[in-house]
1. Name the pairs: first residue in the range 183-204 and under 30 Å from ASP309 (Cα atoms) and of a type in the set (A, V, I, L, M), second residue assigned to a strand (DSSP E or B) and modelled with pLDDT of 95 or more, Cβ to Cβ under 8 Å, at least 6 apart or on different chains?
2. Of all residues in the range 429-445 being in contact with a helix residue (DSSP H, G or I) (Cβ under 6 Å, 6 or more places away or on another chain) and in a loop (DSSP other than H, G, I, E, B), which is surrounded by the most Cβ atoms within 10 Å (Cβ to Cβ)?
3. Would you check if there is a residue in the range 121-137 being in a loop (DSSP other than H, G, I, E, B) and either of a type in the set (Asp, Glu) or in contact with a Cys (Cβ under 7 Å, 6 or more places away or on another chain) (or both)?
4. Any residue at all in the range 342-349 that's touching a residue at least 12 places away in the same chain (Cβ under 8 Å) and either in a strand (DSSP E or B) or within 25 Å of the chain's Cα centre (by Cα) (or both)?
5. Within the range 446-494, restricting attention to residues that are without any contact (Cβ under 8 Å) to a residue 24 or more places away in the chain and in a loop (DSSP other than H, G, I, E, B), which residue is surrounded by the most Cβ atoms within 10 Å (Cβ to Cβ)?
6. All but one of (1) within 15 Å of HIS252 (Cα to Cα); (2) within 20 Å of the chain's Cα centre (by Cα); (3) assigned to a loop (DSSP other than H, G, I, E, B) hold for PRO190, so report the exception by its number.
7. Identify the residue in the range 225-265 that is without any contact (Cβ under 8 Å) to a residue 60 or more places away in the chain and not in a helix (DSSP H, G or I) and, among all such residues, is surrounded by the fewest Cβ atoms within 10 Å (Cβ to Cβ).
8. I'd like to know if the range 35-49 contains one or more residues that are closer than 17 Å to ALA83 by Cα, surrounded by 17 or more Cβ atoms within 10 Å (Cβ to Cβ) and out of contact with any Pro (no Cβ under 6 Å at 6 or more places or on another chain).
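The values are calculated or read from the model by the stated rules, or taken from the named source; none is laboratory data. From a predicted model like this one, the values you see are computed outputs, not experimental measurements. Backbone-built Cβ (ideal geometry, glycine too); neighbour counts: all protein chains shown.
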Amino acid sequence: MARIAVGGFHHETNCFAEPKTDYAYFNIQRDRPPLVRGEEVLRRLGGSSFAMAGFMAETQDEHSLLPLLWTSGGAGGLVTADAYERIAGELVGRLSEAGDVDAVFLDLHGAMVSEPFEDGEGELLRRVRAVVGPAVPIVISLDYHANVTPAMVEHSDAMVAYLTYPHVDRAETGRRAAAALRMVLRRGRPTERALRKLPFLLPLNDQCTLVEPSRSIVAGSMVAEGDLASLAYLAGFPPSDLFWCGPAVIAHGWDQGEVDRAADRMTREVALQEPNFAVPMVSPEAGVAEAQRIAAHATRPVVIADTQDNSGCGGTADTTGLLKALVAAGVEDAVLGLLCDPAAAAAAHAAGEGARVRIALGGHAGPEGVTPLEAEYVVERLGSGRFRTTGQVVGGRDADIGPMALLRLGGVRVVVTSKRMQAFDQAPFQHLGIEPARQRILGLKSTCHFRAEFEPIAEKVIIVLAPGIYLADPSAYPYRRLRPGVRLRPLGPDHRGAAA
């Protein structure tokens with residue numbers, strides 16, 4: 001029986017978003033648990049949809065697990081120096097106090113940028129390696145959107161990544177990580193590594209694994225096969241401004257020839273598919289007009305994805321571009337969510353169900369040019385914001401997103417929350433009496449995760465480009481740290497203005 005230290009520190013950093021992510025935010029119960037320590041890690045994460053849950057389920061009867069801490073700040077602005085040092089310091093301190101361990105498993109994201117360290121995970125892994133020494137294996141799970149760096153590869157012994165976007169295999173990824181660690185414990189630390197970075201950034205909208213080419217690319221991933229501990233493709237997170245931002249292929253194993261061949265084979269496959277990464281997107285006005293035409297004859301809802309206001313990419317979840325387009329077009333029987341405006345939710349609760357209340361809804365947090373939609377709204381329904389998620393992406397979580405309200409303006413209803421949550425689950429809509437499958441038009445603040453739950457019930461999905469903090473086209477970001485020569489989108493311009 002091995003003694004395995006386990007922990008997790010998640011953040012998906014949009015370096016162009018405000019506010020920064022502070023220590024308090026990691027301690028808030030939202031659509032995920034707050035920071036948990038020691039035995040509470042086992043209690044709060046067990047049976048959940050996180051990679052840690054799958055790893056624990058696969059190993060706790062076979063080995064002795066020593067829980068350190070686990071926390072997820074979701075997606076947002078830079079992690080403050082205070083937050084990074086307090087969390088990383090406590091995790092490493094608890095590891096030091098645990099004494100001798102046979103292995104370490106860390107449930108990470110892979111796209112964390114902090115004020116002191118642009119490579120948040122690389123620095124964390126360096127500190128963990130310094131504590132456990134050169135002989136103890138470290139296996140990590142990563143989000144599909146990880147920006148993998150040389151330090152992450154050097155200080156780990158297997159990388160196991162989500163194979164799906166929408167992420168419906170988080171727990172399964174933890175189980176695959178357990179299989180990799182089992183092999184590493186049997187054979188010893190892998191001595192060979194390979195990291196291949198692709199020469200272009202991949203917009204999040206183009207990374208969906210429900211369709212080609214991503215579906216076939218991720219199918220080539222391996223865990224504990226032959227002389228490979230792991231072979232993984234990570235699509236990257238473009239809003240993270242760091243030197244190593246972008247897609248990568250990583251292999252760990254015991255034979256350098258096999259490691260290189262596997263990494264090169266997968267890298268060639270991704271490179272050859274560069275022209276095929278593309279998802280059509282239109283303006284909010286064009287998207288609403290198309291949705292109205294389709295909805296007039298459809299028996300299922302038309303979904304409009306407000307992709308650039310996705311809180312899962314660091315968006316504010318309070319922009320009003322799509323909302324204003326729906327209202328201006330006189331749309332009937334439309335629902336938009338989830339729009340985060342705690343002041344509006346509080347005003348609705350003060351007024352009560354059935355009341356009419358004047359509210360300047362949304363548009364309080366930028367970007368420049370986004371303004372509230374001030375009007376008299378009908379308060380149709382109120383909710384506590386406490387519910388259990390049910391879907392494939394985040395199912396089984398006890399969420400608390402603060403007081404909620406269903407507000408109506410003409411034929412448009414808005415699901416308002418007090419804390420940010422991406423529209424990737426039906427439960428928050430149902431919490432306010434909305435059955436998504438019965439609506440004519442559904443506006444969802446999400447980029448891709450919504451597809452797992454809402455595309456199966458949709459007549460059609462339309463992606464719109466309303467102003468938001470997350471930019472669907474990476475070439476619009478003012479990168480400062482990105483390495484020169486990287487194409488800012490597939491077949492697009494090189495970083496620093498050179499022609500592709």
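1. LEU198/ALA248; LEU198/VAL249; LEU201/ARG487
2. Selected residue: LYS445.
3. No.
4. yes
5. PRO493
6. Failed condition: (2).
7. So, considering only residues that are without any contact (Cβ under 8 Å) to a residue 60 or more places away in the chain and not in a helix (DSSP H, G or I), the one surrounded by the fewest Cβ atoms within 10 Å (Cβ to Cβ) is GLY226.
8. yes
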